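Student: Mind looking over this structure? Questions follow.
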Amino acid sequence: MPENSEGTMSKRNITITMSALLAAAAALTAAAPANALPAGGPLTDVRVATHFDLSAGQMPENITLLPDGTADVTFAASRQVAQITPRGVTRIMATLPAPANGGVNTPVLGFPLATGIVHTSDGTAYVLYATGTADLTGLWRLSPRKAPQRIAALPAGGLPNGLALDGHSGQLYITDSVPGTVWTVPVTGGTPTAWSTAPELASTGFLGANGAKVHGGALWVTNLDRGTLLRIPILSGNRAGAPQVRASGLVGIDDFAFTGRGDDVLAAVNGPNTVVHIHSDGTSSTVLDATDGLQNPTSVALRGDDVYVLSAAYTTATDPNLLRARLRGHG
């Protein structure tokens, strides 16, 4: 795709991308959960803290939080990784190299995009990049004061999306939304191993396995098309157990975060434009919607009771942003 002098997508191509995503997501929007916002819900002090530049491709896709409250964020369409300070200032950390063909062969979406991100305690960030090309698609490492480096190649025909870190084993888990596969690779890089190809991970025509988190001895994964939250036990020898459906009926579910209270989850539901609270028993309720400023939410992160929600505006084409809120204590 043509680019401007700063290496980001042109406004014309942003519009084209938006149109394609709008068409692809129409079914997801139509399937929006009907539950209403509960009175006195779990979130307070809800406000949009940072606005991003849509014309520059700043569609925030995924987030990881540093100890001081700084957020490392991937901007999907600009192929960039940025830091958002606690005061809301945005600083670009890195721009991933553009594919020679502009990324037109990127599966499903047709444009190259930066997706999942995690970080380790030494400040190293790990980022997923999907381009539809064999030379760039995969897992990238961003070390302080060093150029981005690809440390694990992934199939060009896939769409690496969600990224989760097991801090105890040093293993990374990668969801591939096209074939419905979870890959695993150590933080040192190397050749990824197909960890799970369970049918519960497969798409039904758009995107399957999506968000990912390690929690309670298992890898938890969402399936966007099927609207499910899955728990996959991590067995001895880093083997995958059988997936268990822990929540359903949430078509469009993207990335998520555990609240720190059992298996309770806050999850972004992209097409329906909501954030839902999924309880440990699998029931769910809507806690944020468009009236709060959501614009196709993509991911959620928590630091204590501080809640961060990214909105990419993929189909609304209005005001990509970072929303902040507080999580009420359970009484």
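The values are calculated or read from the model by the stated rules, or taken from the named source; none is laboratory data. These numbers come from a predicted model, not from an experiment. Heads up, the Cβs are rebuilt from the backbone with ideal geometry, glycines too, and the neighbour counts pull from every protein chain shown.
Student: Yes or no: the stretch 72-82 includes at least one residue that is closer than 17 Å to residue 295 by Cβ, without any contact (Cβ under 8 Å) to a residue 40 or more places away in the chain and in contact with a helix residue (DSSP H, G or I) (Cβ under 9 Å, 6 or more places away or on another chain).
Tutor: Yes, the stretch 72-82 contains a residue that is closer than 17 Å to residue 295 by Cβ, without any contact (Cβ under 8 Å) to a residue 40 or more places away in the chain and in contact with a helix residue (DSSP H, G or I) (Cβ under 9 Å, 6 or more places away or on another chain).
Student: Next question, about the same structure. Here is a check on your reading of the model: is residue 218 among the small types (Gly, Ala, Ser) and either over 20 Å from the mean Cα position of the chain (by Cα) or within 20 Å of residue 114 (Cα to Cα) (or both)?
Tutor: Criteria not met by residue 218.
Student: Output yes when any residue across the stretch 300-312 is under 14 Å from the mean Cα position of the chain (by Cα), of a type outside the set (D, E, K, R), farther than 22 Å from residue 247 by Cβ and modelled with pLDDT of 95 or more, and no when none is.
Tutor: Yes, because at least one residue in the stretch 300-312 is under 14 Å from the mean Cα position of the chain (by Cα), of a type outside the set (D, E, K, R), farther than 22 Å from residue 247 by Cβ and modelled with pLDDT of 95 or more.
Student: Quick one: in the stretch 76-114, which of the residues that are among the charged types (D, E, K, R) and under 20 Å from the mean Cα position of the chain (by Cα) is surrounded by the most Cβ atoms within 10 Å (Cβ to Cβ)?
Tutor: Out of the qualifying residues, it is 79.
Student: So if I check each of 262, 282, 237, which one is closer than 19 Å to residue 214 by Cα and not in a loop (DSSP other than H, G, I, E, B)?
Tutor: Sole residue among the options that is closer than 19 Å to residue 214 by Cα and not in a loop (DSSP other than H, G, I, E, B): 237.
Student: Looking at the stretch 229-248 only, could you name the residues that are touching a strand residue (DSSP E or B) at 6+ places or on another chain (Cβ under 9 Å) and loosely packed, with under 15 Cβ neighbours inside 10 Å?
Tutor: Result: 233, 238, 239, 242, 244, 245.
Student: Specify the residue that is surrounded by the fewest Cβ atoms within 10 Å (Cβ to Cβ); the eligible residues are those in the stretch 186-223 that are aromatic (Phe, Trp, Tyr) and either assigned to a strand (DSSP E or B) or at pLDDT below 95 (or both).
Tutor: Filtering first and then ranking leaves 195.
Student: When only residues in the stretch 36-75 that are surrounded by fewer than 20 Cβ atoms within 10 Å (Cβ to Cβ), in a loop (DSSP other than H, G, I, E, B) and aliphatic (A, V, I, L, M) count, which is modelled with the highest pLDDT?
Tutor: Residue satisfying both the conditions and the ranking: 66.
Student: Sticking with this structure for a sec: Quick check, is residue 143 at pLDDT below 95 and over 18 Å from residue 106 (Cβ atoms)?
Tutor: Taking the combined requirement at face value, the residue satisfies it.
Student: I would also like to ask the following. Does residue 226 satisfy being among the basic types (Lys, Arg), crowded, with 20+ Cβ neighbours inside 10 Å and assigned to a loop (DSSP other than H, G, I, E, B)?
Tutor: yes
Student: Here is a check on your reading of the model: is residue 144 part of a loop (DSSP other than H, G, I, E, B) and free of Cβ contacts under 8 Å to residues at least 24 places away in the same chain?
Tutor: Yes: the conditions hold for residue 144.
Student: Sticking with this structure for a sec: Looking only at the stretch 252-271, count every residue that is of a type outside the set (Gly, Ala, Ser), over 16 Å from residue 325 (Cα atoms) and over 16 Å from the mean Cα position of the chain (by Cα) and tell me the total.
Tutor: 3
Student: Ok, one more. Say we look at the stretch 265-279 and pick out the residues that are assigned to a loop (DSSP other than H, G, I, E, B), in contact (Cβ under 8 Å) with a residue 60 or more places away in the chain and not polar (S, T, N, Q); which of these is surrounded by the fewest Cβ atoms within 10 Å (Cβ to Cβ)?
Tutor: 271
For every residue, the table says whether it meets (1) under 19 Å from residue 254 (Cα atoms); (2) surrounded by 15 or more Cβ atoms within 10 Å (Cβ to Cβ).
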site	(1), (2)
116	yes, yes
135	no, no
139	no, yes
142	no, yes
149	no, no
169	no, no
172	yes, yes
177	yes, yes
184	no, yes
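Student: Another question, if that's okay. Among the numbered conditions (1) farther than 23 Å from residue 128 by Cα; (2) touching a residue at least 12 places away in the same chain (Cβ under 8 Å), tell me where residue 235 comes up short.
Tutor: Every listed condition holds for residue 235 apart from (2).
Student: Please list, ordered by first then second residue, the pairs with beta carbon atoms under 8 Å, 6 or more apart or interchain, first in the stretch 299-327 and at positive phi and without any contact (Cβ under 8 Å) to a residue 24 or more places away in the chain, second acidic (Asp, Glu) and surrounded by fewer than 24 Cβ atoms within 10 Å (Cβ to Cβ).
Tutor: Correct list of pairs: empty, since none qualify.
Student: Let me ask something additional. Within the bounds of the stretch 156-167, is there any residue that is farther than 16 Å from residue 74 by Cα and touching a helix residue (DSSP H, G or I) at 6+ places or on another chain (Cβ under 7 Å)?
Tutor: no
Student: Looking only at the stretch 152-168, which residues are part of a strand (DSSP E or B) and closer than 25 Å to residue 257 by Cβ?
Tutor: Result: 152, 160, 161, 162, 163, 164, 165, 166.
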